[in-house]
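The values are calculated or read from the model by the stated rules, or taken from the named source; none is laboratory data. It should be emphasised that the depicted structure is a prediction, and the values quoted were computed from it without experimental measurement. Here the Cβ is made from the backbone with ideal geometry for all residues, glycine too, and neighbour counts use every protein chain on show.
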Amino acid sequence: MLPAFISHPDCARHEMGPDHPECPERLGAIQDMLLLRGLLDYMNTYDAPLATEAQLGRAHAINYVHELMEASPKEGYHKVDPDTDMNPFTVRAALRAAGAAVQATDLVISGQVPTAFCSVRPPGHHAERSAAMGFCFFNNVAVGIRHALDVHGLERVALIDFDVHHGNGSEDIFRGDERVLMCSIFEQGLYPYNGEKAVGPNMMNVGLPARSGSDKFREAVATQWVPALDAFAPQLIYISAGFDAHREDDMGNLGLVDADYAWVTRQLMAVAQRHCQGRIISCLEGGYVLNPLARSVAEHVKVLIGAD
């Protein structure tokens, strides 16, 4: 029973213009590194399906879904916020990205795979219930989580977000939902300029100052995340896996290194073994400098699939 690697060529057709950091080449760099390190030999590869309107509607307002689809340009770009554009292939890529999270949920809950990594774009954790922003259109992880809760009947799901930016969209969707514990570590003072104050008891937000480095990051995980997760006892863990806190990525200044992503994945795997038969679903979020992104994903995936 091999872990799942879920992606789709459509995810590389979305682009937001030359020199935009959230570029199609991100997926190619990741796949090349996983091939180079032999990790894909230990995974089953799946093509992500298109998310349905019903699946999207569990996390997003349905009028927002319709508006986004209607805004798709026939050519060129349509701007949805100062940093986020649609091209003619964006909607299909976003549907694949959200569909990957749904497919991963079905595969893991049914016992067909133990864990899954969704190598997809556009990312999702800034997409709110009724708004696209921050390179994100549909909140992929949120769509997957609501599928686990509302279709499969799970009662407790944890969402872990270690992107350098706070997942405001996930917070917007899950605030007050006692079935979901969201744990987020992010750099203070960065986009989207919130998160320091939790919006509800189901949010474990840890804002770290710039240049906190590995020690502070690991201390926060060990002393704040892990006890909260153990108390919650999740039946399934999702990861919004952003790698832009890396010291070689100029999107932030937390100063993490490759080994930190392996370490935090080990901590989460240990929690998953204690509470949910090792079941984890990870979805790509940020990480914009290709080489450290690919290396960090490889470290994360190596632990996720038990190859470390």
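From the set of residues in the range 183-217 that are aliphatic (A, V, I, L, M) and at pLDDT 95 or above, which is farthest from Asp260 (Cα to Cα)? Let's see the steps before the verdict.
As a first pass, look at the range 183-217 and keep what is aliphatic (A, V, I, L, M): 185, 190, 198-199, 203-204, 206, 208, 210.
So of that shortlist, the ones also at pLDDT 95 or above come out as 185, 190, 203-204, 206, 208, 210.
On the way: Ile185: 13, Leu190: 20, Met203: 23, Met204: 20, Val206: 16, Leu208: 15, Ala210: 16 Å.
Checking each candidate, the answer is Met203.
Can His60 be described as more than 17 Å from Ala116 (Cα to Cα), under 20 Å from the mean Cα position of the chain (by Cα) and at pLDDT 95 or above? Even if it seems obvious, please write down each step before you answer.
Values: more than 17 Å from Ala116 (Cα to Cα): yes; under 20 Å from the mean Cα position of the chain (by Cα): yes; at pLDDT 95 or above: yes.
For His60, the condition - more than 17 Å from Ala116 (Cα to Cα), under 20 Å from the mean Cα position of the chain (by Cα) and at pLDDT 95 or above - is met.
Please find, within the range 132-164, the residue that is surrounded by the fewest Cβ atoms within 10 Å (Cβ to Cβ) out of those that are part of a loop (DSSP other than H, G, I, E, B) and among the aliphatic types (A, V, I, L, M).
As a first pass, look at the range 132-164 and keep what is part of a loop (DSSP other than H, G, I, E, B): 132, 134-135, 137-139, 151-156, 162-164.
When the remaining residues are screened for being among the aliphatic types (A, V, I, L, M), the result is 132, 151, 154, 164.
On the way: Ala132: 26, Val151: 15, Leu154: 19, Val164: 25.
If we take residues in the range 132-164 being part of a loop (DSSP other than H, G, I, E, B) and among the aliphatic types (A, V, I, L, M), then Val151 is surrounded by the fewest Cβ atoms within 10 Å (Cβ to Cβ).
For residues that are surrounded by fewer than 19 Cβ atoms within 10 Å (Cβ to Cβ) and among the charged types (D, E, K, R), scanning just the range 86-120, find the one that is farthest from Cys276 (Cα to Cα).
Arg92
May I ask you to verify whether Ile237 is in contact (Cβ under 8 Å) with a residue 60 or more places away in the chain and within 18 Å of Leu34 (Cβ to Cβ)? Spell out the reasoning first.
On the way: in contact (Cβ under 8 Å) with a residue 60 or more places away in the chain: yes; within 18 Å of Leu34 (Cβ to Cβ): no.
For Ile237, the condition - in contact (Cβ under 8 Å) with a residue 60 or more places away in the chain and within 18 Å of Leu34 (Cβ to Cβ) - is not met.
Check off (1) within 22 Å of Phe117 (Cβ to Cβ); (2) assigned to a loop (DSSP other than H, G, I, E, B); (3) out of contact with any Gly (no Cβ under 9 Å at 6 or more places or on another chain) for Met251 and give me the number that stays unchecked.
The number of the failed condition is (3).
Checking the structure you have, find out if any residue of the range 108-115 is of a type in the set (A, V, I, L, M, F, W, C) and touching a helix residue (DSSP H, G or I) at 6+ places or on another chain (Cβ under 6 Å).
Here is the first cut: in the range 108-115, the ones of a type in the set (A, V, I, L, M, F, W, C) are 108-109, 113.
Going one step further and asking which of them are touching a helix residue (DSSP H, G or I) at 6+ places or on another chain (Cβ under 6 Å), we end up with 113.
Yes, the range 108-115 has at least one match.
Considering (1) under 14 Å from the mean Cα position of the chain (by Cα); (2) under 18 Å from Phe138 (Cβ atoms), say which one Phe162 fails and leave the rest.
For Phe162, the failing item is (2).
Is there any pair linking a residue in the range 191-207 that is touching a residue at least 40 places away in the same chain (Cβ under 8 Å) and aromatic (Phe, Trp, Tyr) to one that is assigned to a loop (DSSP other than H, G, I, E, B) and surrounded by 13 or more Cβ atoms within 10 Å (Cβ to Cβ), with Cβ under 8 Å and at least six apart or on different chains, and which?
Listed pairs, sorted by first residue: Tyr191/Gly134; Tyr191/His165.
Residues that are part of a helix (DSSP H, G or I), closer than 20 Å to Val113 by Cβ and modelled with pLDDT of 95 or more: does the range 280-293 have at least one?
First pass over the range 280-293, keeping only residues part of a helix (DSSP H, G or I): 290-293.
If we keep only those that are closer than 20 Å to Val113 by Cβ too, we end up with none.
Within the range 280-293 (the criterion being part of a helix (DSSP H, G or I), closer than 20 Å to Val113 by Cβ and modelled with pLDDT of 95 or more), the answer is no, since none of the residues qualifies.
Scan the range 168-226 residue by residue and report those that are of a type in the set (Lys, Arg) and in a helix (DSSP H, G or I).
Step one: of the range 168-226, the residues of a type in the set (Lys, Arg) are 175, 179, 197, 211, 216, 218.
Listed by number, the residues that qualify are Lys216, Arg218.
Considering Glu67, Glu53, Glu75, Glu22, which residue is under 30 Å from Val303 (Cβ atoms) and at pLDDT 95 or above?
Working: Glu67 fails: under 30 Å from Val303 (Cβ atoms); Glu53 fails: under 30 Å from Val303 (Cβ atoms); Glu75 fails: under 30 Å from Val303 (Cβ atoms).
That would be Glu22, the only listed residue that is under 30 Å from Val303 (Cβ atoms) and at pLDDT 95 or above.
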